[in-house]
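Engineer: Take this structure first; my questions come after.
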């Protein structure tokens, strides 16, 4: 049984419906429209997404981060013409803070089951996580919405002020700088921040704990010269070797309740297959 067949078996046993449908649409003969139908079930009347689309946020209410998750799914389907996109942007505009960004998480999270790291102050500021990734994806697909201009200026301002960063923030910054149309400005900021970004990356594929590896940043080939090809090849080899005996991959962070082991497993497995295909590692 080859890598894709084993992954298909894993997803049938462990994956959510939406991740099984994603797999079929991306790697089989499945329907793109069925994925969109499933994704709509996670979108709320306010235009935001919730309902455990991001498995560690179990509540039904909208939060900024599930919008990013939804946009990555729309990106893989080239479906940014979906009505879900302007509705989500309207939601983002409604939760944007005075500084122009959306918070990492809203205080309403306190009323719902969630992983322990989803905590916030009463009045959280805008954050590059997830503002920068969301803005980058909207730019990639040429979406026009008033929120994007505000968010883009927020990102430029916050990035310009960065001296050092953390892994998740660095990943959001890389996504924004990789996709934003102003290439000269993006490349200048990348040149300034490159060493600081690399300081958040685990280059040893065997590093224990909860490291962030090169392919978490370069999930597909980047326009930005962040990693050399030999580094990418080492981690692609390690990614193939890391496929579990039952055919899947999973996150290396805390699985705080049994259900998320399966939900993240299906999501991460599709993500890893996308990366392998983007680098020509799937037959």
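Laboratory data are not the source of any read-out in this text; all were calculated from the coordinates shown. None of the values given here were measured: they were computed from a predicted structure. Heads up, the Cβs are rebuilt from the backbone with ideal geometry, glycines too, and the neighbour counts pull from every protein chain shown.
Engineer: Could I have the simple spin-label model distance between residue 75 and residue 41, label points 7 Å from Cα toward Cβ, reported in nm to one decimal?
Structural biologist: 2.5 nm
Engineer: Pop a pseudo-label 7 angstrom from the Cα along the beta-carbon direction at both residue 246 and residue 120 and give the gap in nm to one decimal.
Structural biologist: 3.4 nm
Engineer: Fewest first, what order do 140, 274, 163 take by the number of other Cβ atoms within 10 Å?
Structural biologist: 163, 140, 274
Engineer: Let me have the 222 nm mean residue ellipticity of the chain computed from DSSP H runs of 4+ only, each contributing -39500 (n - 2.57), with the sum over all residues rounded to the nearest 500.
Structural biologist: That comes out to -17000 deg cm²/dmol.
Engineer: Still on this model: Under a crude label model (7 Å from the Cα following the beta-carbon direction), how far is residue 210 from residue 278 in nanometres?
Structural biologist: 2.3 nm
Engineer: Let me ask something else. So how far, in whole Å, is the C-alpha centre of segment 85-159 from the one of segment 224-283?
Structural biologist: Here the two parts' Cα centres lie 26 Å apart.
Engineer: Please give the length that would be gained between residue 185 and residue 166 if that part of the chain were fully extended, namely 0.36 nm times their separation in residues minus their C-alpha to C-alpha distance (nm, one decimal).
Structural biologist: Working: separation 19, 0.36 × 19 = 6.84 nm, distance 2.16 nm.
This chain segment gains 4.7 nm when fully extended.
Engineer: Ok, one more. Neighbour counts of other C-beta atoms within 10 Å: give me 267, 42 arranged from fewest to most. It would help to have the intermediate numbers written out before the result.
Structural biologist: Numbers: 267 26, 42 21.
Lowest to highest Cβ neighbour count: 42, 267.
Engineer: Another question, then. Starting from the exponent 0.38 and prefactor 2.2 Å, build the expected Rg for the chain from its residue count and divide its actual Cα Rg by it.
Structural biologist: Taking N as the residue count of the chain, the ratio is 0.97.
Engineer: Fewest Cβ neighbours within 10 Å first, please rank 158, 185 accordingly.
Structural biologist: The fewest-first ordering by Cβ neighbours comes to 185, 158.
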